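A short worksheet on the structure shown next.
Here, each number is a calculation from the coordinates, and none is a lab measurement. Computed from a predicted structure; not experimentally measured. No Cβ is skipped: glycine too gets one built from the backbone with ideal geometry, and neighbour counts run over all protein chains shown.
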């Protein structure tokens, strides 16, 4: 099953009244938006990919933006928030003997998630900066909850003497931006580069650990 199909199934699993044509449109839009971005994708391209007339799209969605919101809002509220937080919390709540062990578990957990949902990740990264309503959902559903939990964990490792004394939010920011920077380069900026994931992850971890060492 492709990333698009698995995401589509998740989005639609609670929606009994969605027609087969709507499912085809949504699957095609996910593929098109992830490949070309929202602005560069026309509804005629989506219709062609979906195997439907362009007018069929507008019978179900008033505008292309409505279609984007149909995709991303459920992705954030149904897929990202509960699944990522639940899955991520398995890592956050596990007992790790050191800050390094914790970092390795987090990076491994997120890499597996991104590999399974690359199309979703690309759409979110590409479109959230340009849509205030989606940014608000993201901040409310994910960012604030995850960062709060990470601050608590950073406080824990600071008290253990494994992380240098600084505001815990600053330590979290430095850690998260380093990890996300690698993910962005790996999956979005230069995905076709001959990546050695294991080596790059090690370098990223070494950079974080050296910077936060007491």
Q | residue 190 versus residue 144: modelled label distance in nm, points set 7 Å from Cα along the beta carbon direction | A | 3.8
**Q.** Inter-label distance for residue 152 and residue 35, nm, one decimal - labels placed 7 Å from Cα along Cα-to-Cβ
**A.** 4.4
Q | Whole-Å semi-axes of the chain's equivalent ellipsoid (Cα gyration tensor) | A | 37, 17, 14
Q | Cα convex hull of the range 91-199, projected area averaged across orientations, nm² | A | 7.8
Q.
Please compute, over every Cα-Cα pair in the range 24-75, the percentage with a separation greater than 16 angstrom.
A. 27
Q) What is the calculated FRET efficiency for residue 93 to residue 132, with r their C-beta to C-beta distance and R₀ = 30 Å, to the nearest 0.05? A) 0.40
Q.
Give me Rg/Rg_expected for the range 125-175, where Rg uses Cα atoms only and Rg_expected = 2.2 N^0.38 Å with N residues.
A. 1.42
(Q) For a protection proxy built on the mean count of beta-carbon atoms within 10 angstrom, sort 36-43, 129-136, 104-111, 20-27 highest first, please. (A) 20-27, 104-111, 36-43, 129-136
(Q) Can you tell me the length gained on complete extension of the stretch residue 20 to residue 210, counting 0.36 nm per residue apart and subtracting the Cα distance? (A) 63.1 nm
Q: Quickly work out the residue 63-to-residue 86 label distance, labels modelled 7 Å from Cα along the C-beta direction, and quote it in nm with one decimal.
A: 3.4
